[in-house]
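Chemist: Submitted below is the structure of interest, expressed as structure tokens.
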Amino acid sequence: MLEGIKIEVYKANMELEKYGLVMLRWGNISAMDDHTGYIVIKPSRIPYSKIKPDDMIVCDIEGKIIEGAHTPSSDLFTHLEIYKAFKEVRSVAHTHSKWATVFAQAGKSIPNLGTTHTDYFKHDIPVTRTMEPDEITRDYEKNTGKVIVDAFAVKNPMTTPAVLVKNHGPFVWGKDIPQTVDNAAALEYVAEMAFYTMRLNTDAEMNEYLIDKHTERKQARTHE
Ligand SMILES: [Zn+2]
């Protein structure tokens, strides 16, 4: 079932690796089927070089396996919390891409310092709060999803479709698979640029009017 989405999810996983966003096995992408509401996600414990489209797992929104011979990615329950909370999301990706993970480990959000950032993310990329011991020892992956959702209490997840899980790494999402892959690649690019920008000028900042202007331009392109 969902053979077309399995192929798309498979290809997207390979693209994350092609963009240099995935080292070893630290990465996964999933997508939601609009008709069934099922999620298709990469299996765990299989090297990227050996994965095939048929290995993709189909599960429901609670994580019950509908089809698949392998164990789903261990981050499945984090993905599911994102789908449940952010209703427009149709694809979620997680990587340990280097520069975004540097910010996550430092517990620092990625500030919006230029139009490159604004073209993909309207605001700073938030970092999640520190997780409590009982959130880590029980239902860790699900609770990781919950702290991600918490980070968007006053932020629109569709205009800033990325987050840094503190001491861990980035999760990104989008309205479809290609947009999610683009967001994962853009996040890594702007993270590296923000790091160097702040080294050159610790007071670097961006005017709100310029942010609004570029957000408007992007929306105009989306609707043209
Ligand atoms: Zn991870």
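Chemist: Going through segment 170-224 one residue at a time, which ones are modelled with pLDDT under 95 and among the aromatic types (Phe, Trp, Tyr)?
Modeler: 209
Chemist: Of the conditions (1) part of a helix (DSSP H, G or I); (2) more than 27 Å from residue 6 (Cβ to Cβ); (3) of a type outside the set (A, V, I, L, M, F, W, C), residue 179 satisfies every one except a single condition; which number is it?
Modeler: Failed condition: (2).
Chemist: Kindly indicate whether residue 14 is under 22 Å from residue 150 (Cβ atoms), under 16 Å from the mean Cα position of the chain (by Cα) and away from the ligand (no atom under 16 Å from the Cβ).
Modeler: No; evaluated as a whole, the condition is false for this residue.
Chemist: Here is a further query. Suppose we filter segment 144-155 for residues that are touching a residue at least 60 places away in the same chain (Cβ under 8 Å) and open to solvent by 60 Å² or more (accessible area, probe 1.4 Å); how many remain?
Modeler: 1
Chemist: Does segment 101-123 contain any residue that is of a type in the set (Lys, Arg), modelled with pLDDT under 95 and more than 16 Å from the ligand (Cβ to nearest atom)?
Modeler: Yes, segment 101-123 contains at least one residue that is of a type in the set (Lys, Arg), modelled with pLDDT under 95 and more than 16 Å from the ligand (Cβ to nearest atom).
Chemist: Here is a further query. Only one of these is touching a helix residue (DSSP H, G or I) at 6+ places or on another chain (Cβ under 9 Å), open to solvent by less than 40 Å² (accessible area, probe 1.4 Å) and of a type in the set (D, E, K, R): 188, 141. Name it.
Modeler: 188
One line per residue, one yes/no per condition, for (1) at positive phi; (2) part of a helix (DSSP H, G or I); (3) not aromatic (Phe, Trp, Tyr):
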| site | (1), (2), (3) |
| --- | --- |
| 145 | no, yes, yes |
| 149 | no, yes, yes |
| 155 | no, no, yes |
| 170 | no, no, yes |
| 191 | no, yes, yes |
| 209 | no, yes, no |
| 217 | no, yes, yes |
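Chemist: Another question, if that's okay. What is the residue count in segment 26-38 for residues that are within 15 Å of residue 94 (Cα to Cα), out of contact with any helix residue (DSSP H, G or I) (no Cβ under 6 Å at 6 or more places or on another chain) and not polar (S, T, N, Q)?
Modeler: Residues meeting the conditions: 1.
Chemist: Just the residues that are within 16 Å of the ligand (Cβ to nearest atom) and more than 21 Å from residue 91 (Cα to Cα), please, taken from segment 141-168.
Modeler: Selection gives 166, 167.
Chemist: Quick one: which of 194, 204, 220 is over 16 Å from residue 89 (Cα atoms), without any contact (Cβ under 8 Å) to a residue 40 or more places away in the chain and among the aliphatic types (A, V, I, L, M)?
Modeler: Result of the check over 194, 204, 220: 220.
Chemist: Looking at (1) at pLDDT below 95; (2) not in a helix (DSSP H, G or I), which is the one condition that is false for residue 13?
Modeler: (2)
Chemist: Sticking with this one: I'd like to know if segment 201-211 contains one or more residues that are in contact with a Pro (Cβ under 6 Å, 6 or more places away or on another chain) and small (Gly, Ala, Ser).
Modeler: No, the conditions are met nowhere in segment 201-211.
The values are calculated or read from the model by the stated rules, or taken from the named source; none is laboratory data. A quick note: this is a predicted structure, and the numbers were derived from the prediction, not measured. We place every Cβ from the backbone using ideal geometry, glycine too, and count neighbours over all the protein chains shown. SASA here: full protein model, heavy atoms, side chains in, ligands and nucleic acids out. Shrake-Rupley method; radii C 1.70, N 1.55, O 1.52, S 1.80 Å.
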